[in-house]
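**Student:** Once you've had a glance at the structure underneath, I'll fire off some questions.
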Amino acid sequence: MKLTPHISLVGSGRMGFGISHELDCHVYLLDGGGELALLDAGCGIEPERIVANIETDGHDPSTITKLLLTHAHADHSGGSRFWHDTFGVEVHCSSKSAGFLKHGNEEGISLDVARKAGMYPEGFPFQACSVAGGLKEGDTLTIGNLIISVMETPGHADDAVCYRFSLDDKECLASGDLIFFGGKIALLSTHDCCIPDYSASIRRLAGQKIDALLPGHLVIPLSGAQTHIEKAALKFRLLGVPEGIA
Ligand SMILES: [Zn+2]
């Protein structure tokens, strides 16, 4: 599903558009010109539905070279092993995410408690996956002609990063589960979620002039996205907590 000439939504579950497995986060395909990258992997169940969506949008999945993860929660990173093993993509993520992925660390990504809470089926596996390297604040990645900047943004998860880039005349922010339409956020009572970190990360995004917000779930605002960020930033600045998505 094309969002802009060079950005497609190729995976999205029940907290989105229902075009792939119900547990999938939004999975985006970025066309950098001569090179393709996936933004987040989906949960790893029925990934062939995402492959079919990529083909429907006119792309050859075998030309995807990189997978960029916003964080290692299973709905975002669970499919990493599939993309790596099937298409040989390099997996890029924060150093903390890399540690979890390399060892299939379920406690590290709070999958143990999420499974107990019924958010994932019994026996849902977190498959270890080799990673190209750990990203840190200020790093850049190139996808064809596209240059992507890394921002460390802990809060929803302490391994989280956002990706910023300019594409199709839009300043874009891939925000994972940090910030959503309407300035909503995703607090969890898990060990890897931290309100003061959340506040600092959102307040860093104030005044950034973001046009298109590519979040991990729900509505995808393709223009005027900074207003959603400012709403959350103001709430945190006043020592409150923005409204949650659920
Ligand atoms: Zn998450």
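Read the figures in this text as sums done on the coordinates, not as results from a lab. Predicted, not measured: the structure shown is a model, and the values here were computed from it. For neighbour counting, all protein chains shown are included, and Cβ atoms are generated from backbone atoms with ideal geometry for every residue, glycine included.
**Student:** Scan segment 62-72 and give yes if some residue there is over 25 Å from Asp192 (Cβ atoms), more than 15 Å from the ligand (Cβ to nearest atom), in contact (Cβ under 8 Å) with a residue 12 or more places away in the chain and assigned to a helix (DSSP H, G or I), otherwise no. Explain how you work it out, then say what you get.
**Tutor:** At the first step, the residues of segment 62-72 found to be over 25 Å from Asp192 (Cβ atoms) are 62-65.
Okay, now just the ones that are also more than 15 Å from the ligand (Cβ to nearest atom), so 62-65.
Narrowing further to those that are in contact (Cβ under 8 Å) with a residue 12 or more places away in the chain: 62-65.
Applying the additional criterion that residues be assigned to a helix (DSSP H, G or I) yields 62-63.
Yes, because at least one residue in segment 62-72 is over 25 Å from Asp192 (Cβ atoms), more than 15 Å from the ligand (Cβ to nearest atom), in contact (Cβ under 8 Å) with a residue 12 or more places away in the chain and assigned to a helix (DSSP H, G or I).
**Student:** Let me ask something additional. For residues that are over 16 Å from the mean Cα position of the chain (by Cα) and part of a loop (DSSP other than H, G, I, E, B), scanning just segment 4-13, find the one that is farthest from Asp60 (Cα to Cα).
**Tutor:** Pro5
**Student:** Checking the condition touching a Gly at 6+ places or on another chain (Cβ under 9 Å), under 21 Å from Leu29 (Cα atoms) and outside any strand (DSSP E or B), which residue from His217, His228 passes? Give the derivation first.
**Tutor:** On the way: His228 fails: under 21 Å from Leu29 (Cα atoms).
Going through His217, His228 in turn, the sole match is His217.
**Student:** Quick one: how many residues across segment 16-44 are within 18 Å of the chain's Cα centre (by Cα) and either surrounded by fewer than 20 Cβ atoms within 10 Å (Cβ to Cβ) or among the basic types (Lys, Arg) (or both)?
**Tutor:** The qualifying residues number 4.
**Student:** Would you call Glu46 away from the ligand (no atom under 16 Å from the Cβ) and not in a strand (DSSP E or B)?
**Tutor:** Here the answer is yes, as Glu46 does meet what is asked.
**Student:** While we're looking at this one, here's another question. Kindly indicate which of Ala157, Ala114 is within 17 Å of the chain's Cα centre (by Cα), within 16 Å of the ligand (Cβ to nearest atom) and either assigned to a helix (DSSP H, G or I) or among the aliphatic types (A, V, I, L, M) (or both).
**Tutor:** Result of the check over Ala157, Ala114: Ala157.
**Student:** Go through segment 73-111 residue by residue and tally those that are touching a Pro at 6+ places or on another chain (Cβ under 7 Å) and more than 15 Å from the ligand (Cβ to nearest atom).
**Tutor:** Matching residues across segment 73-111 total 2.
**Student:** Quick check on segment 160-178. Is at least one of its residues among the charged types (D, E, K, R), touching a strand residue (DSSP E or B) at 6+ places or on another chain (Cβ under 8 Å) and within 16 Å of the ligand (Cβ to nearest atom)?
**Tutor:** Scanning segment 160-178 turns up at least one residue that is among the charged types (D, E, K, R), touching a strand residue (DSSP E or B) at 6+ places or on another chain (Cβ under 8 Å) and within 16 Å of the ligand (Cβ to nearest atom).
**Student:** Check segment 214-233 and report whether any residue there is within 20 Å of Gly138 (Cα to Cα), within 16 Å of the ligand (Cβ to nearest atom) and either surrounded by fewer than 16 Cβ atoms within 10 Å (Cβ to Cβ) or of a type in the set (A, V, I, L, M, F, W, C) (or both).
**Tutor:** There is at least one residue in segment 214-233 that is within 20 Å of Gly138 (Cα to Cα), within 16 Å of the ligand (Cβ to nearest atom) and either surrounded by fewer than 16 Cβ atoms within 10 Å (Cβ to Cβ) or of a type in the set (A, V, I, L, M, F, W, C) (or both).
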